[in-house]
There are 2 protein chains.
Amino acid sequence: MSVAPDTLPRGGELPASDFIKQLIAVIRAEDSYGSWEDKSDAELLEEYIVTAEERREMPIMGDPDPDLLWRVEKFYDAVALLLEKRSGARAAQMSKIHHEGFGRIVLLSGRLVVLSKHVRDIHRFGFESYDKLAEAGEKATQDAADMVARFPDAAQA
Amino acid sequence: MSVAPDTLPRGGELPASDFIKQLIAVIRAEDSYGSWEDKSDAELLEEYIVTAEERREMPIMGDPDPDLLWRVEKFYDAVALLLEKRSGARAAQMSKIHHEGFGRIVLLSGRLVVLSKHVRDIHRFGFESYDKLAEAGEKATQDAADMVARFPDAAQA
């Protein structure tokens, strides 16, 4: 008999993923006082999970709180670091988020915008499962790497 | 007999400059209630002037106030609009300014970073004269136009 979905841990199992590893490293690097040492990797990422049910209960408009903006920033920091490992391009993050939750996030490498993301409901930022989180991070990294490959001169300028 | 420097108006005379015209248009466009209608163009720009003496009296570190950040934003909005008139490239501004006054301001057009400015003492943002203000705006616009000419494909991507 298969396990019913609601008995699985929230977010599912943590997949083996370079992106997930990078994100965990980015987050653990900020733990200067060791307060998260006892947390498992899945616990560390649990706030990245927003299930379909939780999403339905969220308002359409909402002010993003600082913790959420922090999580978004770490997500794109992990993309930037994984991009650097894979393509050698060093990218810096910039964002312009209106307090109502819409805005734009970019990763810049040299003179190139390697990733550009317009967001409309950032207060709902989250993923149904760790698999989906890994998939989104891998895709963003791949898109950025493709852009570096397309405009290598601008990325090095 | 020539006029002694200290009898000249603060900031000097307003030069004939495309950038100054654009900056005034940007600022007047925000005057929804007509409160600045009676102000001359020079008065409208007077807070862009920081004389050498005023600068000496400013602290080395300082928190930029919202009015100052607004002026910086209008300055780069004017650069972006003048760039569009001259090169056809539409650029959007993004900035990441730490509350202590350092950070980075960029203009992005397509996938290209047409202008990138690292700032360290933004709370002292200002120009000795309207001539210097015009010169700085023209130079920033020219640098951005040069970058568009160098990487036209990325700018159109």
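The values are calculated or read from the model by the stated rules, or taken from the named source; none is laboratory data. Everything numeric here is computed off the predicted structure, so don't read it as measured data. FYI the Cβ positions are ideal-geometry reconstructions off the backbone, even for glycines, and counts take in every protein chain you see.
Some points to look at:
- Of all residues in the stretch B:98-105, at least one satisfies being within 11 Å of chain A (Cβ to nearest Cβ), closer than 27 Å to A:Lys117 by Cβ, among the basic types (Lys, Arg) and without any contact (Cβ under 8 Å) to a residue 24 or more places away in the chain.
- Looking only at the stretch A:121-137, and only at residues there that are among the charged types (D, E, K, R) and part of a loop (DSSP other than H, G, I, E, B), the one that is farthest from the other protein chains (Cβ to nearest Cβ): A:Glu128
- Count of the stretch A:70-96 residues which are hydrophobic (A, V, I, L, M, F, W, C), farther than 15 Å from A:Leu23 by Cα and out of contact with any helix residue (DSSP H, G or I) (no Cβ under 6 Å at 6 or more places or on another chain): 2
- Checking each residue of the stretch B:138-145 against the condition of being within 13 Å of chain A (Cβ to nearest Cβ) and at pLDDT 95 or above gives at least one match.
- Verdict on A:Ser109 being over 25 Å from B:Ala157 (Cα atoms) and either modelled with pLDDT of 95 or more or not charged (D, E, K, R) (or both): no
- Scanning the stretch B:113-120 finds one or more residues that are away from chain A (no Cβ under 13 Å) and at pLDDT below 95.
- Scanning the stretch A:89-116 for residues being in contact with a Gly (Cβ under 9 Å, 6 or more places away or on another chain), in a strand (DSSP E or B) and either buried (at least 21 other Cβ atoms within 10 Å of the Cβ) or not small (Gly, Ala, Ser) (or both) gives a total of 3.
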